[in-house]
Amino acid sequence: MYADEFFGKSFAAFVILVSMEDSGQADAFASAITVSQLNRQAKTLLESGLARLWVEGEISNLARPASGHLYFSLKDKSAQIRAAFFRTRQRGPTIGLKDGDQVLVFGRVSIYEARGEYQLIVEQVEPAGEGALKRQFEVLKKMLAAEGLFGEDRKQDLPALPVCIGVITSPTGAAIRDIISVLGRRFPSIPVIVYPAAVQGEAAPPELIAALETAIRRDECDVLIMGRGGGSLEDLWAFNNEELARAISACPIPIVSAVGHEVDFTIADFVADLRAPTPSGAAEIVVPDRADWLRTINSLAARIARLGRRAIEDRGQTLDWLTRRLAQSSPSAMLQRSVTRLGSLRRRLSAGARRAVANNIHRLELAMRGLHSVSPLATLERGYAIVEDAQSGKVLISATDTKPGSDIRARLAKGELLATVTSVKDNNE
């Protein structure tokens, strides 16, 4: 419709322009253009004035020449347009297209100059129902992404070992059976609570939101799984609901989205804290493997035991050292050390005294020998005598120091002689 309206207005303006030139110029025939020029100008006007757009209609008169291009008419109840889908533009399966298919076609309006035919140059073809849903999906995805609902900073971490796991899904679907089977195999001791909700159809989004609100209000679980098994885009459409996306984003409990198969993506996948490829994959993610967990626990227990033994040994060694220090610092030990030290000092003093006495005796003996060598007594031992006045004890060194009748004492090497001087003889005599 838009193409027809635009083309009509543009073509009318073109015709008016030509008519004005014809009426205003005498040489109108000289300025006429060829049909090829007319079609080329019309083509340029259409392609520059009308942007690429989506057109919905029914395929008819489909032709598949050997070139690989597709030619068909796209029609509705009251109009039709020729369309060309060139081989270089074809992506995905096109062999299934047939007359009567209701499709969405994306392309640009142009003119086939050789025949002056107004046509649509096709760049993409999608089934009408699914294509409309995809466009809605992309619009909602872009809007929520712009609001930051998909931001990684909003994502919550999953608990390493959940206390309780909540599952929001249909209680009769295959998804819940797969989830419970995997959880029972990996970690059967963790309880699972199912919050039932429809997962397909118009009633699904409000029921999913209500189940999520119930899980939040009861606050029984520390992680939630929301999802369903695989299906078509229409089957999974409940999880592309804006209100549900906002409820997931506002949930204080970490949510794992598990919708469809690995190739399926929904808005819930982008806004959830974590996306799992399948419901079974979600169960694998939210709990650890019991065998791995037990191996880890046993390894940690063994390590703790080793560290404990090492700590006890270290503390025992420290205790022994402190005990020795305490024993050394006790009054009895200090007294014993004092007594021992006193005995040692006594022994050192006695030994020092003996050494001092021996040294002094030795020195005295040396002095005595030296003194004896110069002593008069030594002279006496050679037959000499020391004569003294018996009364005064004065040593007589000259005969004139005494007189006849005086008493004298003669000291010999052995003993003394007492005598009386009978006469004195001078050396001169």
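What follows is calculated from the coordinates using simple rules that are stated; it is not laboratory data. Fair warning: this is a prediction, and the values are worked out from it, not measured in the lab. Backbone-built Cβ (ideal geometry, glycine too); neighbour counts: all protein chains shown.
In whole Å, what three semi-axes, largest first, describe the equivalent ellipsoid of the range 115-199 built from its Cα gyration tensor (square root of 5 times each eigenvalue)?
After diagonalising the Cα gyration tensor, the semi-axes are 44, 20, 11 Å.
Over all other residues within a Cβ to Cβ distance under 13 Å of A282, the charged ones net out to -2, with Lys and Arg as +1 and Asp and Glu as -1.
Counting neighbouring Cβ atoms within 10 Å and putting the fewest first, the residues R40, R324 line up as R324, R40.
Given N residues in the range 314-421, what is Rg(Cα) / (2.2 N^0.38 Å)?
Ratio of Rg to 2.2 N^0.38 Å for the range 314-421: 2.59.
Partner lysines whose Cα lies under 18 Å from the Cα of K155, excluding those fewer than 8 positions away in the same chain, are identified as K141. Charge tally for R306 (other residues, Cβ to Cβ under 14 Å; Lys, Arg +1; Asp, Glu -1): +1. Taking 25 Å as the limit for the C-alpha separation, the pairs K43/K134; K394/K414; K394/K425; K43/K142 exceed it in the case of K43/K134; K43/K142. Largest first, the extents of the alpha carbon coordinates of the range 231-382 on the three principal axes equal 154, 32, 29 Å. For R306 and I180, the FRET efficiency from 1/(1 + (r/R0)^6), where r spans their Cβ atoms and R0 equals 51 Å, is about 0.80. Note that the chain, at 25 °C in a medium of 0.890 mPa s, gets a Stokes-Einstein diffusion coefficient of 71 µm²/s from its Kirkwood radius over C-alpha pairs. Remark on the range 148-285: Rg and Dmax equal 13.3, 37 Å (Cα only). The modelled label-to-label distance for the pair I386/T172, using points 7 Å beyond Cα in the direction of Cβ, is 15.2 nm.
Label-to-label distance for A32 and Q80 is 3.4 nm, based on points extended 7 Å past Cα in the beta-carbon direction. Helix 290-329 and the longest principal axis of the Cα set of the chain meet at an angle near 20°. In straight-distance terms, cross-link reach from K75 covers every one of the lysines whose alpha-carbon lies under 16 Å from its own, apart from those fewer than eight places away in the same chain; here that gives K98. Look at Y384, Y195 and count the other Cβ atoms within 10 Å of each Cβ; fewest to most, that gives Y384, Y195. Could you compute the net charge surrounding G230? Neighbours are other residues with a C-beta less than 13 Å from the C-beta of G230; K and R count +1, D and E count -1. With Lys, Arg at +1 and Asp, Glu at -1, the neighbours total -4. The alpha-carbon atoms of the range 181-245 define a convex hull whose volume equals 95 cubic angstrom per residue. Using the Cβ-Cβ distance between A51 and K98 with R0 = 35 Å, the FRET efficiency computed as 1/(1 + (r/R0)^6) comes to roughly 0.75. Temperature 4 °C, viscosity 1.567 mPa s: under these conditions the Stokes-Einstein estimate for the range 380-420, based on its Kirkwood radius over C-alpha pairs, is 125 µm² per second.
Taking other Cβ atoms within 10 Å as a rough exposure proxy, T169, T88, T318 sort from fewest to most as T88, T318, T169.
Take every Cα pair under 8 Å whose residues are at least 6 apart in sequence, average their separation, divide by the length of the chain, and the relative contact order is 9 percent.
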